[in-house]
Amino acid sequence: MTAPTAVMAPAISIAHVSKTFGPRTVLHPLELNLVPGEIHALLGQNGSGKSTLIKVLGGYHAPDPGRGEVLIAGKPLDFGSTKSAHELGLRIVHQDLGLVSESTVLDNLAIGAGFPTRFGTIRRSQARREAAQALAAVGLDISPAKRVAELSAAQRTGVAVARALSRHGGKVTVLILDEPTATLPAREVAHLHEMVKTAASQGVAILYVTHHLDEVFRLADRVSVLRDGHIVLTRDVVDAPREDIIHALVGGAVEPVRREITDVPSENSRPVLTVSGLQGDALEGVDFEVRPGEIVGIYGLTGSGRESLLGTIFGAREREGGDVRVDGAQLAGRPASAINKGVAYLAPDRKRGGGLMEMTACENLTLPAMKKFFRGGHLRIRAELTESSQWMDRLAVRPTGAVKAPLASFSGGNQQKILIGKWMRISPRVMLLDEPTQGVDVGAKAQLHRYIMDASDAGAAVVISSTDAEEIATVCDRVLIIRSGVITEQLTGSDISVAELDRRVLRSNESKVETS
Amino acid sequence: MKVTGRKFSPGLDRFSGLYLWGLFFVLFSFMAPRTFPTMNTVHLLASTEAIAAIVALALLVPMVTGQFDLSIGAIANFSGILAVIVQTNGLLDPVGAILLGTAVGTVIGMLNGFIVVKLKIDSFIATLAMGSILEAFLVIVTNNREPLPVDNEFFTGLTQTNIFGFQAVFFYMIVIALIVWWLLERTPAGRYMRATGFDREAARLSGVQVDKWSFLSLTISGTICGFAGVLFVSLTGPSLGFGPSLLLPAFAAVFLGSTQLVPGRHNVWGTVLAIFVLATGVQGLQLVSGAQWVASMFNGVALIAAVGLAVVRRKKLSRPKKEKSKGKNQGGGSLSASTQTHGTQGSSSAHHAGQVSEKRVEV
């Protein structure tokens, strides 16, 4: 592939675009230009502003008012309008692809564009011809009659790309791929890269958003790194050594204050939680142990198995193999039996599976252990309310005294406090916390961290899985790095820092490519 | 929105049913002064609506757990007719017949539960089909001929005995309402059922055995319906087609009830209130107009109005929390969202209808 020259008119030109949400600046005024036929990799850690940038370009967010301007093939983008982005020839393939898996490739290609019709009747043969063309444009050799569910993951991504590029609705100038390989098996990545290159060779500028450093070198012409809302590096890939990119990604972040270990869990004490050979969704045999009073972090890229590990231990997700023991007793793989053995699990999404939004704070707090209130054939509601309000006071839930208010009426941080209280209340032996501070503000986050440490001081074995490196670095005594469904590395003591965590994750990703 | 505990307010919200009831009394007393405002009307309504209320209470239990039961009318009909036949054929004495009717209802309820929980068929479909199957059995056992009424004073006295001017059946309704209230509001089981109905996955992750409670809720519904069927034939004699007429008022009452007293929740006293408000409306209109179609029209309109109210309320409730929604593409349009909840989980009930249509707004 020839490196595009700077002389060509840009396919997309972003200038002075910034975005703030309330007091938080997510994107600082930034510039980015892509020329036709260029594959431009955009790298950035979680929370760097990547998704906000994509949403601004796609017309889902309007940027801050001011000098911000986006030109697509020379024409200004009308901010906040998805229609405008589409008309100017900008297409986005999201991570979830948006395909109907039970329908055929042909039908999926026609969704959005619409079938060619004559007098209201679908012209099958023409539709098939157009589908074949669209597939050929990305070099995908599959029958349009196949159902999407039968395709490989890379082929599915290919269909989504083909659909985005199909000529309906005008010429495509810019294609944005949002982490297309995040959920792709390593062996299918090369296939996807071929398709992306084929598309670029037809003059489409491609903004390729990814976590994976190696993809930059294998695929991209140029690379930009986004950190804390700034573009900190834009270079031709040939001029960008790996070390520079990593440095740009991780930055010289200030080391946060780490938890002072008062009682170092003795190496000899018996582990409470023993996980061996655990298999399941994206897990390929995970082994680790946690001792009482220990806080262990799980860190890894999206798709590494990090998201499913705790749920699989608890029984929220199906376990396909392996063994989980608490104090030597086996867990059956069902939430109810895990709770009986003293295991608590804070779900990663409080709206889906985490909390019962329509039920009251009190009812949420007591649900896992409410039999004690049932005496003499009657639920002792007053005792239940009293105990709940004590917990809410202890956790500093705002507004105070709202034990009977539905969970939905609390702010995110307070909802999370109630849900963590619900599990602290059962005095768990093991606490599995999946994204414990998802979407809460800084103040609540610090409070939640204190409660986690309290639970640990009370002798619980705590495991935290988080995408937030700072959180892991602040709270954990020991961090396990997970990749491709197995634990590959362990960090302890002074090795734990945000920069080091990210470096390890990126490095383990390198070795993944070398071995595969 | 300020968060407060549930506080007493005379608002039109949770007591609207009571106001409506009062309005009916005033209106119809004015329009039919000689026939409507009499003790006779009160006694008549109390006993004719008692069975409708019992069936609505039966439906309430699975609805709280997030399961539909569309077979309630058919179960009552089948059990009631069976209780008559075994007596007229001299197979069982009245007590045996009462027990048999109730037991048959229980078994059908268990069957519903099995189909929903084990075979993972959505309760809407499963119980709709069960209703049809029971209709077939009804024809098989009766040869499509209305059985003779039971000539037994104990059996008819079961419901028709006069207590303070009210027929006994009214007091059965009160007792059953108290039992269902105790179950739903004063036992852990009730809490588990409610959690299951509100959010099946969240309940499961909190250790609630959602399958067990779904099964039991359908079983309880069957039991109560079986008993209600026996009461019906004791009260008014056997008829082949009384079941279907119980279905719609029950749904209307459960939904309307969920907007009353404890808004946002299916609840016992709201349901009972709704049954009697609706019946008063029907009765009054019938006295005033003499038209035969009043009941069907009134119940149909009430069902739509009740569900509409519940949906509006739900939207209001979940509007104020303002958070950046992370869900990129939840639901993907209301149609797919609703089919998903229906098809896979078997947990959806129309009180999720509000959530579903809300997703559409978000997307």
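Quick look at the values:
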{"item": "Given charges at Cβ of Lys, Arg, Asp, Glu: the stretch A:12-250 dipole, positive-most of A:Gln202, A:His40, A:Pro180", "result": "A:Gln202"}
{"item": "Amide H contacts of A:Ile206 (H built 1.01 Å from N, under 5 Å, at least 5 apart or other chain)", "result": "A:Gly37, A:Glu38, A:Ile39, A:His40, A:Leu175"}
{"item": "In degrees, nearest ten, helix A:498-515 long axis to first principal axis of chain A (Cα)", "result": "60 degrees"}
{"item": "Length gained when the stretch A:Ser494-A:Asp141 is fully extended (0.36 nm per residue, less Cα-Cα span)", "result": "121.9 nm"}
{"item": "Spacing of the two label points (7 Å from each Cα toward its C-beta) at A:Gln390 and A:Lys171, in nm", "result": "7.3 nm"}
{"item": "Residue-by-residue Karplus 3J(HN,Hα) for the stretch A:57-63, coefficients 6.51, -1.76, 1.60, Hz, glycine and proline x", "result": "5, x, x, 7, 10, 8, x"}
{"item": "Unit charges on C-beta of K, R, D, E only; dipole of the stretch A:12-250, Debye", "result": "880 debye"}
{"item": "Note, ³J(HN,Hα) from phi for the stretch B:207-214, Karplus 6.51, -1.76, 1.60, rounded to Hz, x at Gly and Pro", "result": "x, 7, 7, 4, 5, 4, 6, 5"}
{"item": "Residue mean of other protein chain beta carbons inside 10 Å, A:402-409", "result": "5"}
{"item": "Debye log10 I(q)/I(0) at q = 0.16, 0.17, 0.21, 0.22 Å⁻¹ for the stretch B:261-304, Cα point scatterers", "result": "-0.47, -0.52, -0.70, -0.74"}
{"item": "Label-point separation, A:Ser81 to B:Leu23 (7 Å along Cα→Cβ), nm", "result": "4.6 nm"}
{"item": "Placed amide H near A:Leu233: partners under 5 Å, 5+ positions off or other chain", "result": "A:Val225"}
{"item": "Beta bridges per DSSP with both ends in the stretch A:12-250, % antiparallel, nearest 5", "result": "55 percent"}
{"item": "Folded to 0 to 90 degrees: helix A:153-165 orientation relative to chain A principal axis, Cα", "result": "50 degrees"}
{"item": "Burial order of peptide ranges B:164-174, A:473-483 (average beta-carbon count within 10 Å, highest first)", "result": "A:473-483, B:164-174"}
{"item": "A:Ser269 paired with A:Arg450, simple spin-label distance in nm, labels 7 Å along Cα-to-beta-carbon", "result": "2.3 nm"}
{"item": "0 to 90° range, to nearest 10: angle between helix A:381-394 axis and chain A longest Cα axis", "result": "70 degrees"}
{"item": "Residue (of A:Ser388, A:Met359, A:Asn414) at the positive-pole extreme of the stretch A:352-427, dipole from beta-carbon charges", "result": "A:Ser388"}
{"item": "Dipole in debye (nearest 20) - the protein assembly as shown, about Cα centre, beta carbon charges: Lys, Arg +1; Asp, Glu -1", "result": "1840 debye"}
{"item": "Backbone N within the stretch A:61-102 under 15 Å of label point (7 Å from A:Ala15 Cα along the Cβ vector)", "result": "A:66-77"}
{"item": "Per-residue average of Cβ from other chains inside 10 Å of A:342-354", "result": "3"}
{"item": "Calculated over the protein assembly as shown: convex hull of Cα atoms, volume per residue (Å³)", "result": "206 Å³"}
{"item": "Per-pair calculated FRET efficiency, R0 = 45 Å: A:Glu69 and B:Val262 via Cβ, rounded to 0.05", "result": "0.25"}
{"item": "Relative pair counts by distance (%), Cα atoms of the stretch A:12-250, 10 Å bins", "result": "8, 32, 35, 19, 6, 1, 0"}
{"item": "Residues listed by number, the stretch B:37-75, amide nitrogen under 13 Å from B:Leu287 label point at 7 Å toward C-beta", "result": "B:37-46"}
{"item": "Solvent-accessible area buried by pairing A with B, both sides, nearest 100 square angstrom, 1.4 angstrom probe", "result": "3500 Å²"}
{"item": "Extension gain from B:Ser132 to B:Asn144, taking 0.36 nm per residue of separation minus the Cα-Cα distance", "result": "2.8 nm"}
{"item": "Distance violations [Cα-Cα > 31 Å] among A:Lys371/A:Lys404; A:Lys404/B:Lys120; A:Lys50/A:Lys171; A:Lys50/A:Lys197", "result": "A:Lys404/B:Lys120"}
{"item": "Residue mean of other protein chain beta carbons inside 10 Å, B:194-202", "result": "6"}
{"item": "Cα point-scatterer Debye curve for chain A, base-10 log of I(q)/I(0) at q = 0.06, 0.08, 0.13 Å⁻¹", "result": "-0.34, -0.59, -1.29"}
{"item": "Amide H contacts of A:Tyr345 (H built 1.01 Å from N, under 5 Å, at least 5 apart or other chain)", "result": "A:Leu432"}
{"item": "Under Karplus coefficients 6.51, -1.76 and 1.60, residue-wise ³J(HN,Hα) of the stretch B:249-263 in Hz, glycine/proline x", "result": "x, 4, 5, 4, 5, 5, 6, 4, x, 6, 9, 10, 6, 10, x"}
{"item": "Estimated dipole of the stretch A:352-427 in Debye, rounded to 20 [Cβ of Lys and Arg +1, of Asp and Glu -1, Cα centre]", "result": "180 debye"}
{"item": "Violating pairs (Cα-Cα greater than 22 angstrom) within the set A:Lys146/B:Lys118; A:Lys19/A:Lys417; A:Lys55/A:Lys83", "result": "A:Lys146/B:Lys118; A:Lys19/A:Lys417"}
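The values are calculated or read from the model by the stated rules, or taken from the named source; none is laboratory data. Just so we're clear, the structure is a prediction, and the values are computed from it rather than from any experiment. Using ideal geometry, Cβ is built from the backbone for each residue, glycine included, and neighbour counts are taken over all protein chains shown. In case anyone asks, the SASA skips ligands and DNA or RNA and just uses the protein heavy atoms, side chains included. Shrake-Rupley method; radii C 1.70, N 1.55, O 1.52, S 1.80 Å.
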